[in-house]
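Everything below concerns the one structure shown next.
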Amino acid sequence: MTMLRLFILCLLLVLSPGWSLATEPSTEEEFVKALTPPEPASSSDTAEPAAEKPEILHRSIGGTQQIAAKPSVAMHLTFALNSAELSDHSKAVLTSLGRALERKSLRGYVYQLAGHTCDRGTATHNLDLSRRRALSVQNYLTKNYNLHTQQFMVNWYGETQPMVPNADEAARRQNRRVVITNTLQTFDQPLATDEPVVLMVKCHRGDWEETLEDGDALTARDLYAVEFKTTTNLCVYIYQVDPAGQVTQLFPNPKFSTAANPVAAEAYQRLPEPGYWFYLDDNTGREQVILLAAESSLDDPGTLCARIATEQSEKTMLAMNGTPEVTTRSFKVVVQEDPADSVDSELSAPKAAESETVTQADPDVFIIRRFFMNQ
């Protein structure tokens, strides 16, 4: 009876996809295939019914679209007994994984590493062991490949989340694992800037992602997202302005993000939330993404945004490190845009006498403008 039970278990291990060690990725190409996000499904707005789109989206935002479930791989790595020391076999597997994560299609994402154990030993011991093993995987990847520590979110669960019941040693081997998951959250190197906030527009084409430069073109087939990071506590407002001057508030907006003002220092925010992307309709022209930031809340940021988007400058703005910067009585404005674009003369560099009219009641507003072409 024991032999029959063992035979059936071995047969299940071979035939069951959930239990199969043989089908587990081990080569660079297999890891690339397993962790690359699938092509987004064609749909309208997965976040809102079609009838409600005009209430939350302006003319040039076609809607939001979700990319399917997060890709993950359960790696049944081997370690020394009750240790986080990687075996030679495990290092070979992680070598393939590290090379895969350096690929252009994968290197721009944040990954979760989750450690799990079987039920051998105490729950406290297993929880610590799963932590040390997940950290060991992170250390191997970041020390040997062009990957950043902050690119990995490390979690550990001990024996609390078994894949299968811990019925025997074969099942326990299945439960001893480190799972890597592509969170679909984009990763950028930590900020090295004195500016209080930075703004980026990301584009997703096919299976890869890039940061848009000002003036780049998108089509209705492309997906895009807006990201910002802060270096200090701020109230942040972000708008998209279409070619006709219609304004849509992207942040704060519960349709696109659960975050709200004030935004804490060192915060990363993505619009829409990770896993979703904006897409354009077929109305062509120039799209602007405008960020306003201040230490305290603004009374009417929408009006200020509309003014920034439409005003024309009578002077060539002063450039510093390639970024035009002007100061007015109650605004500090940094506009990142094409050289031909400008703002009104009232926002041009003021005379010294004018700068003295700044009052304590007027908040300094930091403004960044990005733009791209809807083709």
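We did not get these values from a lab; they are worked out from the coordinates using the rules stated. In this text the structure is predicted, and so the values were computed from the model without any measurement. For neighbour counting, all protein chains shown are included, and Cβ atoms are generated from backbone atoms with ideal geometry for every residue, glycine included.
Remarks
- Model label sites at Arg132 and Val198, defined 7 Å from Cα along the beta-carbon direction, differ in position by 3.7 nm.
- Summarising the amide proton neighbourhood of Thr232: residues at separation of 5 or more, or on other chains, whose placed amide H is nearer than 5 Å comprise Glu266.
- Paired Rg and Dmax values of region 86-185, which use every Cα atom, in angstrom: 14.1, 42
- Extending 7 Å from Cα along the Cβ direction at Arg221 and again at Ala167 yields two label points whose distance is 5.0 nm.
- Using C-alpha pairs below 8 Å separated by at least 6 residues, the relative contact order for region 70-186 is 40 percent.
- Here the calculated FRET efficiency for Gln375 and Tyr268, from their Cβ-Cβ distance with R0 = 35 Å, stands at 0.75, rounded to the nearest 0.05.
- Two-site FRET efficiency, Glu24 against Glu85, from Cβ-Cβ distance with R₀ of 30 Å, rounded to 0.05: 0.90
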